[in-house]
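*Asks:* Starting off with a structure, shown below.
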């Protein structure tokens, strides 16, 4: 089904894979062949430096949603923003529901509308489209690059290299700066064959994720989709695979394009944005994932990660064993906070689920919902606990589903059809009952992602599946069923795009700014607090210690109801680690009191009594350390933090609570590490075994001459665990650009830009 090559490969004429054994005969050198990938050429066209090893990228367009755009624009305004220098689309698909938090969410929307007018942007009102569907329909273009403040910013199937990053990276683009990265590796995803009837894009995506996530095969690399199987897939099918590449932890994606993609652009009235893309006659890749589409079966990603994959047949045939395995893994993910079992889902030897959801940028596409309607037509979901909801990804899709009868077929069967909204993907809509199991064609199934709260004794689970098998399960009244088991005649309805829906409702400045417009602020929209530059010497207290194999951004700053506070840095920070380590905020604030005392010119020892013996131990060996040259803050340790969302708040919340650093064995994604750096936090690495760390929760770590070490680009940072004396440890910072070092030295990106004005 899927094969990973051990080393690099050459792709000849787009069809022949030749392994790089060191002595293969190819028509060009490896360096020339590496420059023949689609990714290399798009990056070259957008690189503003003369160095293709160290890229400085300017994107063509930007996109954000209403959890992120307020913070981004506030940061840019504080850094000197006058006008959006490129098309910037502000969609409203996360905080669309305005009941929680009073006027907060709608205040954010009005902030976005007035900023689009003032700075020359595009504003997409709530319920019109989810961020990525609007981008596919209206922004993508062959050979272009788009940067979005959402991790699932992926439009590679349409010939657009897109990346999801934290807000500060978009701020850099708004201020005419660049996205600085080393040339990424490129891995070929070679598609062969054709999917079986009933197999959908989520099935293919989950199979790939299961093969590459745990071994990091494509981590921070570009996935380049090639091979004869690409032509066997519709545009919607390709898009459905492409959006899920984020869950592999790759940097970006790009696909070969053909007449199918040309037709997509024609349907959307943008034929001029199509560009044929193919690798050169001989292209070199750093690895290759061979995918036989014909061998892929309906898949399911069991709780609590998209890589925890099985075929649905495997689950049905080995129910007790697989459910037991999930329960054992949950002991790590849930820290034993609640009793967790799935055994009660077995009814008469079958797996019963309480909920089905098809939604968002992954599931809400036209073809997915049409197929679901074909499956459930003439059947019904029953009158038991099982519920079924469908969210079309945009209003144009919804309109076409109404016109072709798919909505009627769904609703007659008991399905609730709702408007475009990302809520089910992050816990702001359709939260299941306690102990319930939900199957979803969405992007993620992390713990609590669906909205349950461990601290309140609530736990429910999400398994990821394709829309087709979700509909088959719904037609079977909640009993897990692969779509391949259903005898269905798929209509293959043709899509017609109604451009008037957006023309009548979306505000588009066409790049014309109106500086006379007054920005509309709500009472919850707050400026960022002042942040100090990195001190000469640093004392940090470990205030949380996480030993899970991977820590997600959802665990660092939960989604769901917290989204109403995304425009209030201090308000949102109260939720930091609340579902993973509820005591974190209190511990961090206790330490922060000392730093606030320093900033106020008073004695930190009076603000934090426990710091007195720490300073006494430090001054035995470093008597010069003290007033005027010391900073005090907090740090967390996590084995591999930052998987999942691009949300910058995973880092900024720690910063506004006095965080100066993270310590990790490795960082799950580039975007989380970048978020730390852009908020002035030290992304420390340790070589220590996480089960035998030289420090523990509650310990103080002293980092002498940390500012000097950063300025001198030291590879190893000397630090000490403070007890009765000082016990030396070594920390590393990894590769940092000169700009990244300066951002940390200045204390955050805002300070960095203020210093350059």
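*Asks:* Once Rh for the range 537-756 is found with the Kirkwood sum over Cα pairs, what is the Stokes-Einstein diffusion coefficient at 37 °C and 0.692 mPa s, in µm²/s?
*Replies:* 189
*Asks:* Once the range 493-647 is represented by equal point scatterers at the alpha-carbon sites, with solvent omitted, what log10 I(q)/I(0) does the Debye formula produce at q = 0.16 Å⁻¹?
*Replies:* -1.05
*Asks:* Using the Kirkwood radius over Cα pairs, work out the Stokes-Einstein diffusion coefficient for the range 61-177 at 25 °C and 0.890 mPa s, in µm²/s as a whole number.
*Replies:* For these conditions, the coefficient is 174 µm²/s.
*Asks:* Let me ask something additional. Could you give the distance between the Cα centres of the range 414-448 and the range 100-134, to the whole Å?
*Replies:* Result: 23 Å between the Cα centres.
*Asks:* Give me the distance between the Cα centres of the range 248-281 and the range 354-381, rounded to whole Å.
*Replies:* 26
*Asks:* Here's something else I'd like to know. To check you understand DSSP bridge types, tell me what percent of the beta bridges within the range 299-500 (both residues inside) are antiparallel, rounded to 5.
*Replies:* Of those bridges, close to 35 percent are antiparallel.
*Asks:* Which value, to two decimals, describes the C-alpha radius of gyration of the range 319-413 once divided by 2.2 N^0.38 Å?
*Replies:* So the range 319-413 has a normalised radius of gyration of 1.40.
*Asks:* Report the equivalent ellipsoid semi-axes for the range 579-618 in whole Å, largest first, defined as the square roots of five times the eigenvalues of the gyration tensor built from alpha carbon atoms.
*Replies:* 22, 13, 6
*Asks:* If one takes the longest principal axis of the Cα atoms in the chain, at what angle in degrees, from 0 to 90 and to the nearest 10, does the Cα axis of helix 69-78 lie?
*Replies:* 40
*Asks:* What share of the DSSP beta bridges in the chain is antiparallel, in percent to the nearest 5?
*Replies:* Counting DSSP beta bridges with both partners in the chain, the antiparallel share is about 40 percent.
*Asks:* Moving on. Output the 0 to 90 degree angle, nearest 10, between the alpha-carbon long axis of helix 104-119 and the longest principal axis computed from the alpha carbons of the chain.
*Replies:* So the helix axis and the longest Cα principal axis differ by about 90 degrees.
*Asks:* Can I ask one more? Mean 1/r over all different Cα pairs, inverted: what Kirkwood radius does the range 655-757 give, in Å?
*Replies:* 14.4
*Asks:* In addition: Where Rh denotes the Kirkwood radius from the mean inverse Cα pair distance, what is Rg over Rh for the range 299-500?
*Replies:* With Rh from the inverse mean 1/r over Cα pairs, Rg/Rh is 0.97.
*Asks:* Still on this structure, I have one more. For the range 1-52, what's the radius of gyration and Dmax over Cα atoms, in angstrom?
*Replies:* 13.3, 41
*Asks:* What does the range 429-510 give for Rg and for Dmax, in Å, if only its C-alpha atoms count?
*Replies:* Rg then Dmax for the range 429-510, in Å: 18.3, 50.
*Asks:* What share of the DSSP beta bridges in the range 537-756 is antiparallel, in percent to the nearest 5?
*Replies:* The answer is about 45 percent antiparallel.
*Asks:* Strictly greater than 12 Å: what percent of every Cα pair in the range 328-379 meets that?
*Replies:* Of all Cα-Cα distances in the range 328-379, 76 percent exceed 12 Å.
*Asks:* Run through every distinct alpha carbon pair of the range 215-324 and return the Kirkwood hydrodynamic radius in angstroms, one decimal place.
*Replies:* Answer for the range 215-324: a Kirkwood hydrodynamic radius of 16.4 Å.
*Asks:* Additional query: Given the rule -39500 (n - 2.57) for each run of at least 4 DSSP H residues, summed and divided by the residues of the chain, what is its mean residue ellipticity at 222 nm, to the nearest 500 deg cm²/dmol?
*Replies:* Value at 222 nm, helices only: -8500 deg cm²/dmol.
*Asks:* Still on this structure, I have one more. Does anyone have the angle between helix 584-599 and the longest principal axis of the chain? Alpha-carbon axes, 0 to 90°, nearest 10?
*Replies:* The answer is roughly 40 degrees.
*Asks:* Over all Cα pairs of the range 264-383, how is the pair count split among 10 Å bins, expressed in % and running from 0 up to the last occupied bin?
*Replies:* The calculated distribution, bin by bin, is 9, 24, 30, 21, 12, 4.
The numbers here are math on the coordinates, done by the rules we state, and not lab data. Bear in mind the structure is a predicted one, so any value in this text is a computation, not a measurement.
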